[in-house]
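Shown next, in structure tokens, is the structure this report addresses.
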Amino acid sequence: MPKGVPENVPDDGLTTRQRRNQPVLAVHTGPGKGKSTAAFGMALRAWNQGFDIAVFQFVKSAKWKVGEEAVFRELGRLHEETGAGAPVQWHKMGEGWSWSRKAGTETDHAAAALAGWREIARRLQAEEHRFYVLDEFTYPLKWGWVDVDEVVDTLRQRSGHQHVVVTGRDAPAALIEAADLVTEMTKVRHPMDAGRKGQRGIEW
């Protein structure tokens, strides 16, 4: 797409403006680092445009202090105080299944993930937000905790102008097929390969 110009324009009866402003379903997947980071970068742009933002983290532990969360909470506060940007909500769903060992069976965790998805589906139906980040949502899909077909149908049929970004490894084929934008992060090299742990300003 040189200079941002599509190579092919479909004969869909839409004007250039209508086609440009269609809501986007994006999927960031693959084994490489940066899937969530890229999604939060998109959310920053959305905030600057005045889009109401909701972030739902499905896997990271509630104890895990995510740098982006602190920034977006401050941006939400800035909006409340000055009117700049847009409202921001940040939700940590479930029990932090992959980052920490907590009490509760897999059935408990599956139920928590499903409840989280049901809340997102309700909000999509009500058009409560303009921009959604479903962070690491591919994992409950992969584990069978949330039905893939139900998710795809809900996202495809969402009303209004709601953008949705889903992150996580091993995105199911049906979700990839439904998405407008799919990016696969491929790891070429990582500091952990040399025995270096995560560090401030890079991982959090």
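The values are calculated or read from the model by the stated rules, or taken from the named source; none is laboratory data. All values derive from a computational prediction rather than experimental measurement. Glycine also receives a Cβ, built like all others from the backbone with ideal geometry; neighbour counts cover every protein chain displayed. Quick note on the areas: whole protein, heavy atoms, side chains included, nothing else; ligands and nucleic acids left out. Shrake-Rupley method; radii C 1.70, N 1.55, O 1.52, S 1.80 Å.
Here the helices (runs of 4 or more DSSP H) wholly within region 16-85 that include at least 1 residues being modelled with pLDDT of 95 or more are 35-48, 67-82.
Would you check if there is a residue in region 125-137 being open to solvent by less than 20 Å² (accessible area, probe 1.4 Å), more than 15 Å from Q57 (Cα to Cα) and either among the aliphatic types (A, V, I, L, M) or in a helix (DSSP H, G or I) (or both)? Among the residues of region 125-137, not one is open to solvent by less than 20 Å² (accessible area, probe 1.4 Å), more than 15 Å from Q57 (Cα to Cα) and either among the aliphatic types (A, V, I, L, M) or in a helix (DSSP H, G or I) (or both), which makes the answer no. Within region 191-204, restricting attention to residues that are hydrophobic (A, V, I, L, M, F, W, C) and closer than 27 Å to Q49 by Cα, the residue that is most open to solvent (accessible area, probe 1.4 Å) is W204. Restricting V166, V182, V188 to residues that are open to solvent by less than 20 Å² (accessible area, probe 1.4 Å) and either in contact (Cβ under 8 Å) with a residue 12 or more places away in the chain or in a helix (DSSP H, G or I) (or both) narrows the list to V166. Of all the residues in region 14-39, those that are within 20 Å of Y132 (Cα to Cα), hydrophobic (A, V, I, L, M, F, W, C) and without any contact (Cβ under 8 Å) to a residue 24 or more places away in the chain number 0.
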